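Let me begin by presenting the structure, written as structure tokens, before commenting on it.
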Amino acid sequence: MKISQKLVAIALCACLYAPTQTYAYSERNILQKEFVADSLRAYLVPGQKWVKYPAYADRTGWDNLFGQNKEKVIKNGEKFLNYEWKVVKASDYLEYERSGNRKVMENPFDANNQAIVQLLFAELAEGKGRFMDQLINGVFHSCEMTSWALSAHLVRQPDGRSLPAYDYDMIDLTAGDLGNMLSWVYYFMHESFDKINPEISRRLYHELDKRIMVPYLEDDSFWWMAVNYKDGDMINNWNPWCNSNALMTFMLLENDTDRLAKAVMRSIESVDKFINYVHQDGACEEGPSYWGHASGKLLDYLVLLSDITGDKINIFDNPQIRNMGEYISRSYVGNGWVVNFADASAKGGGDPYLIFRYGKAIQSQELLAFAGYLNTGKGIGLKSRDVYRILEAFQVDRELQQMKDPRKSPDYTWYPETEFYYARKGKAFFAAKGGYNDESHNHNDAGTFSLWVNDTPMLIDAGVGTYTRQTFSSERYSIWTMQSNYHNLPMVNGVPQQFGSEFRATDVHFDPRRMYFSANIATAYPAEANVKKWVRSYQLGKNSLKIEDSFSLDKADKPNQVNFLTWGKVDVSVPGVVTVEVNGEKVRMTYNKSTFTPTVETIRLDDPRLSNVWGEQVCRISLNANKQPLSGSYTYTITTIK
């Protein structure tokens, strides 16, 4: 049996229940089991011999690597020959505390980092020194910053404030990314820098050591490292993202074998915690938008670990690693749309170069073909501060361009631990989830669903707006996109679901023969909902979806309200019928007209992160119960209209 089929093969029994502890951490430590700790030092490849890219002076090597992209790379760099390096002012950092706006600090910072990357690659492509002075300007400009961390993340420093402290070196996502970027600048250019002035390389090495290597080895307080992990703690994409960046810095700069071995071992212990936290079914509870930062960064880390140990530590044949990779293919609906639970956007698909690399690593024809499907000929994206990924993309560019195999995916995928269910039947693609209301980038959405017809979203998950201070604070669930009443879920006794790991779907059940999914979502509501049982079930037909709510209440204080979100044109003029039309696709939802009175709320989308996906507005369809029984059932049937 192929590993890629294992997720669905176990569902061939008459019924399948998900485990009750969807957030359980399992101490598997698969990396540490790959070797004896005392042997690690002997495995290490010395002196940057693991690097597979040409040296700066190897003109033939760079010509071969860049190929037909060479002129494009040089022209991109030329745009920055007269670039004015931007100052990130103290008030830009303070603005995060004052208004919650993080972009005022991030935009100039990112512009500078983009300039460094473009100048580096242009110089590697041309090799004439034309971009060298501006590259040095960018390097020194970065070295003069107090911190490479974002204002939104600096609030985790000891004083809890957003202005960087001069005596605390925080490794966050961007500090790690600059460690990645500037380590490659050092590796490729330090000999050329030394010919101009040795102080350039000396200063750069000093800052990379001080800001990345020393705190990585000595500071146990970084939450993402999970050094002091306790049951119930969250470990998310930050872990492989930061660990891969830190490991890369050591691999490019550190030639003390003992210190390098200590860093490699520390990274292994930390990344094992992430793999332990992620379910073995491989689903990314943060959604497809975060796959590149979670599973994708795990790929980067595992490739680096294999490189620095001479392939002595290699776990690409592990089923969990395969499942984590193939999740991105399974979550793709079509026409640029994806299943977008949590903070993920509904539009995307992924980076074809990253997906292709993952497919090669785990020998997944599914991922290789999916990468070929996504590859539209736009070429390698150079607008990134991730130098390593750009280099790796050039390595596989020719292979990817030749990938023409047809994309294939199973009719359904069931993730029994994460409690995600995807299915395609006839014109419809359907996704539902159980889960709990303390997932990474959580929305209160246990039991929700989304529906597409001919790859067009009909009933949707809105996603998330632009990140602000409010997004990751105690005010998060005052934002409408986070609330269950703006997902495809009921308000029970006028009460929505609540945040917290104890608020979850239970008795989650999947029957593959009937294409049937159900969950008791009563346990996702607080006590004031007075709900004993609320079983939400879905049954997918060829061109229909039957939804049923079977409930029992302790009290009936307020009428129940069952909500559905769409971005289409809504017609509720016919009692018992709701029609939704989106871009020529139509569905009809029928309900008991004596049981409900429908209303439609229009939500204007002023946030570009939402409006760029859905347009100017979305609509919430609410079926408002006319009576308040203590028990009963509601049925809604959605069918496609030709």
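The table below gives the values:
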| quantity | calculated |
| --- | --- |
| Some residue of the range 144-164 being open to solvent by 10 Å² or more (accessible area, probe 1.4 Å), outside any helix (DSSP H, G or I) and among the aromatic types (F, W, Y) | no |
| Residues satisfying the stated conditions in the range 516-528, i.e. of a type outside the set (A, V, I, L, M) and either assigned to a loop (DSSP other than H, G, I, E, B) or open to solvent by 30 Å² or more (accessible area, probe 1.4 Å) (or both) | Y516, T523, Y525, P526, E528 |
| Conditions (1) within 29 Å of P240 (Cβ to Cβ); (2) in contact (Cβ under 8 Å) with a residue 60 or more places away in the chain; (3) open to solvent by less than 20 Å² (accessible area, probe 1.4 Å); number of the one not met by Y187 | (3) |
| Qualifying residue in the range 183-191 (condition: in a loop (DSSP other than H, G, I, E, B) and of a type outside the set (A, V, I, L, M)) | no |
| Pair list, Cβ under 8 Å, 6 or more apart: the range 345-374 residue under 21 Å from V387 (Cα atoms), other residue in a loop (DSSP other than H, G, I, E, B) and of a type in the set (A, V, I, L, M) | Y353/I380; F356/M403; A371/M403 |
| In the range 359-386, the residues that are outside any loop (DSSP other than H, G, I, E, B), of a type in the set (A, V, I, L, M, F, W, C) and in contact with an Asp or Glu (Cβ under 9 Å, 6 or more places away or on another chain) | I362, L367, L368, A369, F370, A371, L374 |
| Subset of the range 385-430 (residues that are within 21 Å of the chain's Cα centre (by Cα), open to solvent by less than 10 Å² (accessible area, probe 1.4 Å) and either more than 30 Å from M181 (Cα to Cα) or of a type outside the set (A, V, I, L, M) (or both)) | Y388, T413, W414, Y415, T418, E419, F420, Y421, Y422, F430 |
| Residues (modelled with pLDDT of 95 or more and within 11 Å of A283 (Cβ to Cβ)) located in the range 328-345 | I328, R330, S331, V339 |
| One residue from N236, N180, N228 being crowded, with 19+ Cβ neighbours inside 10 Å, out of contact with any helix residue (DSSP H, G or I) (no Cβ under 7 Å at 6 or more places or on another chain) and within 26 Å of M265 (Cβ to Cβ) | N236 |
| Tally, over the range 495-507, of residues that are in a loop (DSSP other than H, G, I, E, B) and not aromatic (F, W, Y) | 4 |
| Answer residue from the range 165-176, given it is in contact (Cβ under 8 Å) with a residue 24 or more places away in the chain and open to solvent by 10 Å² or more (accessible area, probe 1.4 Å) and is nearest to R469 (Cα to Cα) among those | L173 |
| Residues satisfying the stated conditions in the range 268-307, i.e. of a type outside the set (A, V, I, L, M, F, W, C) and outside any helix (DSSP H, G or I) | H279, Q280, D281, G282, E285, E286, G287, G292, H293 |
| Test result for F551, within 17 Å of P457 (Cα to Cα), modelled with pLDDT of 95 or more, assigned to a strand (DSSP E or B) and aromatic (F, W, Y) | no |
| Flag if R536 is within 22 Å of E601 (Cβ to Cβ), among the basic types (K, R) and at pLDDT 95 or above | yes |
| Any chance L605 is in contact with an Asp or Glu (Cβ under 8 Å, 6 or more places away or on another chain), under 27 Å from Y415 (Cβ atoms) and modelled with pLDDT of 95 or more | no |
| Residue selected from the range 452-489 under the condition crowded, with 18+ Cβ neighbours inside 10 Å, modelled with pLDDT under 95 and of a type in the set (S, T, N, Q), by the criterion farthest from the chain's Cα centre (by Cα) | T468 |
| Unmet criterion (only one of (1) within 25 Å of V587 (Cα to Cα); (2) surrounded by 16 or more Cβ atoms within 10 Å (Cβ to Cβ)) for R513 | (2) |
| Within the range 213-261, tally of residues that are touching a residue at least 12 places away in the same chain (Cβ under 8 Å) and among the basic types (K, R) | 1 |
| Residue match in the range 252-267 (condition: open to solvent by 20 Å² or more (accessible area, probe 1.4 Å), closer than 25 Å to S39 by Cα, not in a helix (DSSP H, G or I) and not hydroxyl-bearing (S, T, Y)) | yes |
| Tally of residues being free of Cβ contacts under 8 Å to residues at least 60 places away in the same chain and either open to solvent by less than 20 Å² (accessible area, probe 1.4 Å) or part of a loop (DSSP other than H, G, I, E, B) (or both) across the range 120-133 | 4 |
| Test: residue in the range 490-513 that is in contact with a Lys or Arg (Cβ under 6 Å, 6 or more places away or on another chain), within 19 Å of S450 (Cα to Cα) and among the hydrophobic types (A, V, I, L, M, F, W, C) | no |
| So A393, is it modelled with pLDDT of 95 or more and within 27 Å of V580 (Cβ to Cβ) | no |
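Residue-wise test of (1) β-branched (V, I, T); (2) open to solvent by 10 Å² or more (accessible area, probe 1.4 Å); (3) closer than 27 Å to S611 by Cα; (4) under 16 Å from the mean Cα position of the chain (by Cα).
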residue	(1), (2), (3), (4)
D317	no, yes, no, no
R322	no, yes, no, no
E326	no, no, no, yes
V339	yes, no, yes, yes
D343	no, no, yes, yes
K383	no, yes, yes, no
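Conditions (1) within 19 Å of the chain's Cα centre (by Cα); (2) modelled with pLDDT of 95 or more; (3) of a type outside the set (V, I, T), marked per residue:
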| site | (1), (2), (3) |
| --- | --- |
| A261 | no, yes, yes |
| S267 | no, yes, yes |
| K273 | yes, yes, yes |
| C284 | yes, no, yes |
| G287 | yes, no, yes |
| W291 | yes, yes, yes |
| L298 | yes, yes, yes |
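The values are calculated or read from the model by the stated rules, or taken from the named source; none is laboratory data. Note that this is a predicted model, so its numbers are computed, not measured. Cβ sites come from the backbone with ideal geometry, for glycine too, and all protein chains shown count toward neighbours. When the accessible area is computed, the model is the full protein with side chains, heavy atoms only, and any ligands, DNA or RNA have been set aside. Shrake-Rupley method; radii C 1.70, N 1.55, O 1.52, S 1.80 Å.
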